[in-house]
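Written out below as structure tokens is the structure these notes cover.
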Amino acid sequence: MNSKSIIRFRKLFFSNLGVKQTIIKNTFWLTIGDAGSRFLKLVLLIYVARILGATEYGKFNFALSFVLLFNVFADLGLNQIIVREFAKEDRKEKDFSSLLSLKILLGLGVLILILISSFVITPDSIIRKVIWILALSNIISDVFLIFYAFLQARQKMECEGVVRISEALFLIGMGLAVLFYFPSIENLSFCYLFASLFSLIVILLFFHFKIQELSLSWSKSVWKKYLSMSWPLALISLSYIIYNRIDSVMMGCLGQITQTGWYNAAYRIITATIIPTGIISNSFFPVLSKAFKESKEKFQRIWNYLTEIMILLATPLVIGGVVLSPRIINFIYDESFSPSILAFQILIVMAGIIFLYNSFRWVLIAANQQKKLFFAVLSGAIINIILNLVLIPKYSLYGAAVATVITHILIFILLVNYTLRFTTIRPFNLKIIISFVGAILSSLGMYVVIIQSQIYYLNIVLTILIGAGIYSICLFGYKKIVNRYSWR
């Protein structure tokens, strides 16, 4: 690579030169860091399920889900507010040292709360010990997320990407070694703890010497100011955590440990498919927040772009996922996980709904309407708890999956309503309608091809690639026709 190529590469992936280039750069690094790290962690969890079996896998996920229920209290919505406020005004970065001290105090308080609660939630001493270890790991991870928020506000996602992928490589290296030579959920939980400590050390050193000298201050006025803005997001996060984790906790409390393993075997794959929503949204959010202050037209244009991407990803994901679910589950796990297939088919619908309402969620935050977002997800959390209490005892993991889908449908309806009422965004415009029609038609073309037996029974990876290729070709042809007749 010559010097000119190196310069061009550095400008594209290490500088902020314009809206589109910045979004591309941020998306690239978040894909490397977030998607890469989640994929590696998914690989590790697949090996956990295959080596330890559904019951032990269920125990580990029960412990992890219980710990994550407390996650919101260690953050209280501060990270997203920091990104928004720091992105709008650089001078607000002076508040960082006070916010860091607040995060540390919150983390310590949550750790104590989890330790006490663990004696109530389970009589199993092994699960309880795993809860303690994962709690410490999770609190450490949550503390250094504030550094990622600072870097996202500066639109320096490349720094976050490198640290995230390093942590994931460290975790999967240790985790696979433990699974092959010292297999137990207790030893696996220590791997999570050591990986968190590794990342914390790296980010502290990098931030202190490359970004800003670290210090702690104890300004109650800063704490009050940011908490007054973040509490709706904290309650939103709590609601999200409830309907994402309460089902596993409920099944575990009802003694359905093996069913918890089957459910999470499907759920983990589904959460991997949702990764692009976080990556793309985090890339758009600082730009969307700026556009909100600049002009309605620019705000609408950026939202349209984000929503179009979500639609084009969601549609083939749902259709392909439902059709190929038996092949996917049997390929990743084994026949003992066949009960996961129906759960996967139900949950993939949830993934598509999340893609579709994702841009509505972020536009409300950018427009400072997080209280409306809070009401939507709180309503979802309440409905989810009620549905889980009714459906899990009778239908187990399938009841949990249905409850999750209904929850997200309700949230989608509420978010669309609030976006129409409280922002300048007009979601049902020609650009979005044409994109949705194109995604449906292209997905149907993909469906016709992948259900053919000579395609369906190929190696599942090859089948997925063929399906993606057919979808892309159909979509390309559709866009050519649309552009030719100047429909947009």
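The values are calculated or read from the model by the stated rules, or taken from the named source; none is laboratory data. Quick caveat, the model's predicted, so the values are computed rather than measured. A quick note on method: Cβ atoms are made from the backbone with ideal geometry, for glycine too, and the neighbour counts reach across all protein chains shown.
Okay, residues lined up against (1) modelled with pLDDT of 90 or more; (2) part of a helix (DSSP H, G or I); (3) surrounded by fewer than 15 Cβ atoms within 10 Å (Cβ to Cβ):
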site: Val390; (1), (2), (3): yes, yes, yes
site: Tyr395; (1), (2), (3): yes, yes, yes
site: Ala401; (1), (2), (3): yes, yes, no
site: Ile425; (1), (2), (3): no, no, no
site: Ile434; (1), (2), (3): no, yes, no
site: Gly438; (1), (2), (3): yes, yes, no
site: Val449; (1), (2), (3): yes, yes, no
site: Ile473; (1), (2), (3): yes, yes, yes
Given (1) crowded, with 19+ Cβ neighbours inside 10 Å; (2) more than 21 Å from Arg50 (Cα to Cα); (3) modelled with pLDDT of 85 or more, Phe147 misses just (3)
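For Tyr263, state whether it is in contact (Cβ under 8 Å) with a residue 12 or more places away in the chain, under 24 Å from Tyr456 (Cβ atoms) and aromatic (Phe, Trp, Tyr).
Numbers: in contact (Cβ under 8 Å) with a residue 12 or more places away in the chain: yes; under 24 Å from Tyr456 (Cβ atoms): no; aromatic (Phe, Trp, Tyr): yes.
Judged against the criteria, Tyr263 is not a match.
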- Just wondering, is there one or more residues in the stretch 356-372 that are buried (at least 20 other Cβ atoms within 10 Å of the Cβ) and on the phi > 0 side of the Ramachandran plot? no
| said: Looking at the structure I just gave you, is Gly352 closer than 20 Å to Gly380 by Cα and either of a type in the set (A, V, I, L, M, F, W, C) or assigned to a helix (DSSP H, G or I) (or both)? | reply: yes
Conditions (1) assigned to a helix (DSSP H, G or I); (2) among the hydrophobic types (A, V, I, L, M, F, W, C); (3) surrounded by fewer than 20 Cβ atoms within 10 Å (Cβ to Cβ) -> Ile242 fails only (3)
Selection from the stretch 302-347 of residues assigned to a helix (DSSP H, G or I), without any contact (Cβ under 8 Å) to a residue 40 or more places away in the chain and over 22 Å from Ile432 (Cβ atoms) yields Val322, Ser325, Pro326, Asn330, Glu335, Gln345
*asked:* Kindly evaluate Ser281 against the criterion of being closer than 20 Å to Phe436 by Cα and either modelled with pLDDT under 85 or buried (at least 21 other Cβ atoms within 10 Å of the Cβ) (or both).
replied: yes
Wholly inside the stretch 19-115, helices (runs of 4 or more DSSP H) that include 1 or more residues that are small (Gly, Ala, Ser) and modelled with pLDDT of 80 or more are 36-68
Lys298: passes all of (1) surrounded by fewer than 22 Cβ atoms within 10 Å (Cβ to Cβ); (2) touching a residue at least 40 places away in the same chain (Cβ under 8 Å) but (2)
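Quick one: is Trp231 in contact (Cβ under 8 Å) with a residue 12 or more places away in the chain, among the aromatic types (Phe, Trp, Tyr), out of contact with any Lys or Arg (no Cβ under 6 Å at 6 or more places or on another chain) and part of a helix (DSSP H, G or I)? Explain how you work it out, then say what you get.
On the way: in contact (Cβ under 8 Å) with a residue 12 or more places away in the chain: yes; among the aromatic types (Phe, Trp, Tyr): yes; out of contact with any Lys or Arg (no Cβ under 6 Å at 6 or more places or on another chain): yes; part of a helix (DSSP H, G or I): yes.
Yes: the conditions hold for Trp231.
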